[in-house]
Amino acid sequence: MDRPTIDRDNIIERFVLGQLTDAELDAFLTYQLFHPEIKTEVEALRAVAKTTRGLAPSRQVKWWQKRGIQIGLLLLTVVLGVALWQLAGRGRQHDTSPAAPQQQNTEPPTLITPGDTTETHPPPPSSRQIAADFRPNPHLEALLGPGRFRGNADEQPAWVKTPPAEQQCESAATMCRINLRGQLRGDIEAIKQFRWLLFSNKPADFTALRPLQSGSFSTKNNPDQTIGIDAGISLRLAPGLYYYLIEDAESGATYFTGKLTVR
Amino acid sequence: MNEGIQSASQTSDFSLLIARLRRRDEKAWTELVGSLRQVTLPWLRKRIGRLPAYAVTTEQEFAMEIFSESLSRFYTLFEKGRFEQARELQSLMFKIAELTLKEGFARLKKEALIYRPDDPAGFQTVQQELSDWTNDDELARQRARDIRQKLLELNENDRDLLCRFYAGEKLADLAREMEVSEENIRKRKQRAFDRLKQLIGMAQLFLIGNLWTAQLSTVTI
């Protein structure tokens, strides 16, 4: 990239506004490294953009809007509660055995991962008690499949066999069992850093890095010089769409993204 | 890492790649920048999440700002460092990005004070909270006030167009709304920006840029 191209294609403005193509972006970032003086122009344009934005009202959420969300969630909880109660009643009508005293399951969904060390996060109430919907999360859909680390065994752990990118769990009433098994080549110490994270399909949960659950893998050396990773995750989930990520706990780099549908 | 960097690793030609980078080979650097962007930007976006309400930047722009700053620092540190594997380059980038992001978050509040219209009561409170409010920050704030003043001197159409464009509205949408062609709206926006530059004086505008650049360059890893 050269200066005439930058001026002709309005590169600085498009860079500030995030409108460059990947190729233009890489070329312009490299140009910036070799010609640091151009940063002054970039910062000047950023100052204009930020000042004009500063004139717009702040994105602050008003108290009544927050309260509105809370009221909405409360109503939704009540409506779903009533619906579930009715469904449970219908289910009992089909049961010919004597009516047993109704047992309410007040326990939070449990996580059983034999052999794994598993961290649990405070469950966001809305993601468990309110049935999640099946809307795809565009951020996570874009990441589905192996991550961008495809280096050789000496450099980056590379997949030999990935876990399934799509998993199904048919019965939401019982525990869902998800098996995350894969084979990689690479430095075992690096692979031991891998952890899995399970997200709901809510974009806010993902952007705030608020997984429903996360945990580590058990690893084993295979005779074919590969390293097997394994995590068996059992948990109770409401019907909906969920995503799991396998990432390097140290760098946060994502190695694999898959999805799980609970029907 | 992308194909170029990867193939260099696979053929044990990493030292050759490093040599090309040290020679400031533009193609090698563009490849490296691309591969670092591919791994660092998604990670930054995840870490940034949703910015606070007072931020004058969008999440996407903030991520790019942090990445761009991190890359400059990476470039400086690369000259001094020794690297045996591609993984080390990536690891250095992540460390720098982590630190730059931390500083970036701290700067968000300052930027809100600099770029939002004066709020003397709120300003006093927040300024007291910010122990590292410098003279340069104060100067930047005055310059931003000048830009704001000059923006208000533009005619309403120009001001509205610039504000909406920089707030992220697409030219195509603006053109549709105003029932003119996209090319027409692009020219109108450019003329409005040229008028603003004239009013401010480009030298003064660049000074604002210089202030930030100077502040960034004083940070060491």
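The values are calculated or read from the model by the stated rules, or taken from the named source; none is laboratory data. Only a predicted model underlies this, so the values are computations on that prediction, with no experimental measurement involved. Note that we place each Cβ from the backbone using ideal geometry, even for glycine, and neighbour counts take in every protein chain shown.
Every residue in segment A:243-263 that is more than 16 Å from residue A:206 (Cα to Cα), of a type in the set (S, T, N, Q) and touching a residue at least 60 places away in the same chain (Cβ under 8 Å), please. Within segment A:243-263, just A:261 meets the criteria. Any residue in segment B:112-123 that is without any contact (Cβ under 8 Å) to a residue 40 or more places away in the chain, within 8 Å of chain A (Cβ to nearest Cβ), touching a Phe, Trp or Tyr at 6+ places or on another chain (Cβ under 7 Å) and not β-branched (Val, Ile, Thr)? No, segment B:112-123 contains no residue that is without any contact (Cβ under 8 Å) to a residue 40 or more places away in the chain, within 8 Å of chain A (Cβ to nearest Cβ), touching a Phe, Trp or Tyr at 6+ places or on another chain (Cβ under 7 Å) and not β-branched (Val, Ile, Thr). A single entry from A:162, A:257 fulfils the requirement of being within 24 Å of residue B:38 (Cβ to Cβ) and touching a helix residue (DSSP H, G or I) at 6+ places or on another chain (Cβ under 6 Å): A:257. For segment B:25-45, the candidate set comprises residues that are over 17 Å from the mean Cα position of the chain (by Cα) and of a type in the set (D, E, K, R); within that set, the residue that is nearest to the other protein chains (Cβ to nearest Cβ) is B:26.
If you go through segment A:33-50 and keep only what is over 21 Å from residue B:166 (Cβ atoms) and at the interface with another protein chain (Cβ under 8 Å from one of its Cβ atoms), you end up with A:33, A:34, A:36.
Only one entry in B:162, B:139 is in a helix (DSSP H, G or I) and in contact (Cβ under 8 Å) with a residue 40 or more places away in the chain, namely B:139. Which one of the conditions (1) under 25 Å from the mean Cα position of the chain (by Cα); (2) modelled with pLDDT under 80 does residue B:165 fail to meet, given that it meets all the rest? All conditions are met except number (2).
Among the numbered conditions (1) in contact (Cβ under 8 Å) with a residue 60 or more places away in the chain; (2) more than 8 Å from every other protein chain (Cβ to nearest Cβ); (3) in a helix (DSSP H, G or I); (4) not aliphatic (A, V, I, L, M), tell me where residue B:84 comes up short. Every condition holds for residue B:84 apart from (3).
Within segment B:79-86, can one find any residue that is under 24 Å from residue A:34 (Cα atoms) and either modelled with pLDDT of 90 or more or surrounded by 21 or more Cβ atoms within 10 Å (Cβ to Cβ) (or both)? Checked segment B:79-86: at least one residue is under 24 Å from residue A:34 (Cα atoms) and either modelled with pLDDT of 90 or more or surrounded by 21 or more Cβ atoms within 10 Å (Cβ to Cβ) (or both). Only one entry in B:100, B:76, B:40 is over 17 Å from residue A:18 (Cα atoms), buried (at least 21 other Cβ atoms within 10 Å of the Cβ) and at pLDDT 85 or above, namely B:100.
If the condition is being surrounded by 16 or more Cβ atoms within 10 Å (Cβ to Cβ) and farther than 25 Å from residue A:175 by Cα, then segment A:204-227 contributes A:207, A:226, A:227. Residues in segment B:51-73 that are surrounded by fewer than 18 Cβ atoms within 10 Å (Cβ to Cβ) and assigned to a helix (DSSP H, G or I) were compared, and the one that is farthest from the other protein chains (Cβ to nearest Cβ) is B:59.
For segment A:231-244, check the following and say yes or no: at least one residue is within 14 Å of another protein chain (Cβ to nearest Cβ) and either surrounded by fewer than 18 Cβ atoms within 10 Å (Cβ to Cβ) or not aliphatic (A, V, I, L, M) (or both).
Yes, the conditions are met somewhere in segment A:231-244.
Within segment A:14-38, the set of residues being among the charged types (D, E, K, R) and buried (at least 20 other Cβ atoms within 10 Å of the Cβ) comprises A:26 only.
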